[in-house]
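Reading through the C-alpha cells given below for one structure.
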Amino acid sequence: MGEAGQVPEDVDVPEGVDVTRPTPARLYDYYLGGTSNFEVDRIAAEQMRLQMPELSDMAWANRGFHQRAARWIARRGVRQFIDIGSGLPTASNTHQALLEVIPDARVVYVDLDPMVAAHADGLLTSRDSARLITADLRDPGALLASSDLRAMIDFAEPAGLLITAVLHFVADASDPWGLVARYVDALAPGSYLALSHGTADKLPPAMVRAAHEMFARATEQLYPRSLAEVERFFAGLELAEPYQGAGPMICHTGEWGAEDPATADSDGSRIMYCGVARRP
Ligand SMILES: C[S@@+](CC[C@H](N)C(=O)[O-])C[C@H]1O[C@@H](n2cnc3c(N)ncnc32)[C@H](O)[C@@H]1O
C-alpha cells in the first residue's frame with residue numbers, strides 16, 4: 001500500500017469523489033468485502049480494525065437487519081421504499097432483498113456520497129422500479145420536493161422509510177430527531193420506519209477514542225448515541241416486537257428478526273441499536 005491519500009494511477013476516480021479522506025460509504029463497502037473503495041479507505045479501515053476486530057461483523061449484522069426489516073415491512077403490504085443513506089451497491093440491495101416478497105416494489109435510494117452515483121449500476125438494474133438521488137438528508141425540504149422522489153413515491157400510500165447506519169454521521173446540531181420526524185410526517189399513516197444507529201454503550205473507551213480519531217480525518221464525523229437517544233427517534237410511533245416474546249423494543253441488529261436472538265447477538269451486532277415502527 002502507498003501513502004494514505006495517494007491513488008494508484010490505474011484507478012479511475014469518478015468526478016466529485018474525494019480520494020484524500022475516507023468516506024463512510026467506502027469504509028462500509030470495504031468492511032462488507034466490496035471493491036468500491038480507495039487506498040485511503042482501506043488504510044483507515046485496517047487501522048480501526050486493529051482496535052475493533054469485529055467491524056466486518058458489525059457491517060454484516062447491520063446489513064442483515066436492513067434486509068430483514070425491509071422484507072418484514074413489505075409483508076405488511078408496503079410496496080414503496082425510501083432508503084436514505086443507502087450506501088454503495090452491495091451483495092443484496094434493498095430492491096433485491098424485497099424480490100421474494102414483492103417483485104415490483106419501488107425503491108428510491110438516497111445517498112450523499114458521489115461514489116454511490118458513480119457505481120449506481122448495481123442499484124438501478126431496473127429504471128422503472130429503482131432510482132438513486134444524490135442528496136444530503138440534512139436538507140429535508142430539498143429531498144422531499146425532489147421530482148425524482150415524487151415520481152416514484154405516492155405519498156398518499158404507506159411507504160417504508162429505511163435509515164440504517166446513517167444517523168451516527170449526523171451531529172446533534174443538525175437535530176437528527178427533528179429530521180427523522182420530518183420524513184416520517186411526510187409519509188401516509190400506516191408507513192414504517194426502520195432505523196439502526198451506532199452506539200458506544202457497550203464498547204471500551206479506547207475503542208471509542210480510536211473510532212472518533214479515524215472519523216475526525218474522514219468526510220463525516222461520528223456521533224454514537226445511547227439507547228435513550230436512539231429510542232427518541234421512534235417517539236410517537238408504534239414500535240414492533242423484534243423477536244418472539246421480546247415485546248415492542250429497540251434491540252441490537254443481530255437480534256432483530258432472529259430465530260435465536262441470543263446466538264445472533266454477536267460483538268459486532270452490539271455496536272448498533274435498531275428498531276422498526278409503524279406510523280399510526
Ligand atoms: C454505513 S453506510 C450504511 C449503508 C446502508 N444504509 C446499510 O445500512 O447497509 C452509511 C451511508 O450513509 C451515507 N450518509 C452519511 N451521511 C449522510 C447524509 N447526511 N445524507 C445522506 N447520506 C448520508 C453515507 O454516504 C453512507 O453511504
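At a glance:
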| read-out | value |
| --- | --- |
| Whole-angstrom gap from the range 157-177 to the range 15-39, using each part's C-alpha centre | 21 |
| The range 145-237: trypsin sites (Lys or Arg not before Pro) falling in loop per DSSP and having at most 13 other Cβ within 10 Å | K202 |
| Three-way shape call for the range 5-96 based on the alpha-carbon gyration tensor, with the a/c threshold at 1.5 | oblate |
| Mean separation of Cα contacts under 8 Å, 6 or more apart, over the residue count of the chain: relative contact order % | 19 |
| Charge dipole (debye, nearest 20) of the range 15-163; +1 at Cβ of Lys and Arg, -1 at Cβ of Asp and Glu | 480 |
| Between the range 180-236 and the range 238-280, the alpha-carbon center distance in angstrom | 15 |
| For L132, residues with placed amide H under 5 Å, excluding near neighbours | Y109 |
| HN-Hα J in Hz across the range 96-111 - Karplus 6.51, -1.76, 1.60, θ = phi - 60°, x for Gly and Pro | 6, 4, 7, 3, 5, 9, 9, x, 9, 4, 9, 10, 10, 8, 10, 8 |
| The range 83-234: equivalent-ellipsoid semi-axes (sqrt of 5 x gyration tensor eigenvalues, Cα, Å) | 27, 18, 15 |
| Low-density loop positions, GluC sites (Glu not before Pro), the range 208-280 - DSSP coil, at most 10 other Cβ in 10 Å | E259 |
| Test item: Cα-centred dipole of the chain, Lys/Arg +1 and Asp/Glu -1 on Cβ, debye | 760 |
| Anisotropy class of the chain from Cα gyration tensor, a/c 1.5 cut | oblate |
| Fraction of accessible area attributable to carbon and sulfur, the range 55-278 (%, probe 1.4 Å) | 50 |
| Charge context of D113, other residues only, Cβ under 12 angstrom, K/R +1, D/E -1 | -4 |
| Kirkwood Rh, Cα atoms: Rg over Rh of the range 181-280 | 1.02 |
| Between the range 51-75 and the range 82-149, the Cα center-to-center distance that results, in Å | 17 |
| Around V170: net Lys/Arg minus Asp/Glu count, Cβ-Cβ under 11 Å | -2 |
| Net charge, V17 excluded, C-beta distance under 12 Å - Lys, Arg +1, Asp, Glu -1 | -3 |
| Per residue accessible area of the range 126-257, 1.4 Å probe, in Å² | 43 |
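The values are calculated or read from the model by the stated rules, or taken from the named source; none is laboratory data. Computed from a prediction, not measured in an experiment: that's the story for all the values here. Cβ: placed from backbone, ideal geometry, glycine included. Neighbour counts: every protein chain shown. Areas reflect the complete protein model, heavy atoms only, side chains present, ligands, DNA and RNA absent. Shrake-Rupley method; radii C 1.70, N 1.55, O 1.52, S 1.80 Å.
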